[in-house]
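Working notes, structure below.
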Amino acid sequence: MQAVGYNPGGTLKIATVTSENPISILLDGDTIDTPDPFLVCNPQLLPYTETVRINGQVATIEYENKLKVGVRVLVFEAEHQQQLYVLSLSDE
């Protein structure tokens with residue numbers, strides 16, 4: 001959130017991923033999905049590749065998309081309600 005700005009108010013909420021590509025989520029209690037253009041996601045929840053060195057050998061690790069349909073996530077809804085910040089997977 002620091003990279004895109006600061007909002008003094010807001011709420012942590014639980015939501016469900018309703019579509020993977022493009023991503024959309026549904027906040028608990030809402031009836032309309034929030035589409036990709038209004039979401040800012042933690043990059044570690046999306047698929048990515050990392051190159052590491054293990055015992056002197058270079059290896060590539062591929063991480064899969066964690067935001068699959070039906071997954072519960074923790075989001076921050078800023079006070080202005082124009083964007084949702086997908087922070088992490090929910091333990092719910």
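The values are calculated or read from the model by the stated rules, or taken from the named source; none is laboratory data. The structure presented is a predicted model; accordingly, all values stated were derived computationally and were not measured. Backbone-built Cβ (ideal geometry, glycine too); neighbour counts: all protein chains shown. Accessible surface areas use protein heavy atoms only, side chains included; no ligands, DNA or RNA. Shrake-Rupley method; radii C 1.70, N 1.55, O 1.52, S 1.80 Å.
Note down all Cβ pairs under 8 Å where the first residue falls in segment 4-24 and is on the phi > 0 side of the Ramachandran plot, the second is part of a loop (DSSP other than H, G, I, E, B) and at pLDDT below 85, and they're at least six residues apart or on different chains.
10/79
Take segment 55-67 and flag every residue that is assigned to a loop (DSSP other than H, G, I, E, B) and surrounded by fewer than 10 Cβ atoms within 10 Å (Cβ to Cβ).
Answer for segment 55-67, where residues must be assigned to a loop (DSSP other than H, G, I, E, B) and surrounded by fewer than 10 Cβ atoms within 10 Å (Cβ to Cβ): 55, 56, 64.
Looking at segment 7-47 only, could you name the residues that are open to solvent by 70 Å² or more (accessible area, probe 1.4 Å), in a strand (DSSP E or B) and touching a Phe, Trp or Tyr at 6+ places or on another chain (Cβ under 7 Å)?
Listed by number, the list holds a single entry, 12.
Could you tell me how many of the residues in segment 68-82 are without any contact (Cβ under 8 Å) to a residue 60 or more places away in the chain and either in a strand (DSSP E or B) or open to solvent by 60 Å² or more (accessible area, probe 1.4 Å) (or both)?
Going through segment 68-82 one residue at a time, the tally reaches 6.
So which residues in segment 7-24 are under 13 Å from the mean Cα position of the chain (by Cα) and either closer than 14 Å to residue 82 by Cα or of a type in the set (Ser, Thr, Tyr) (or both)?
16, 18, 19, 24
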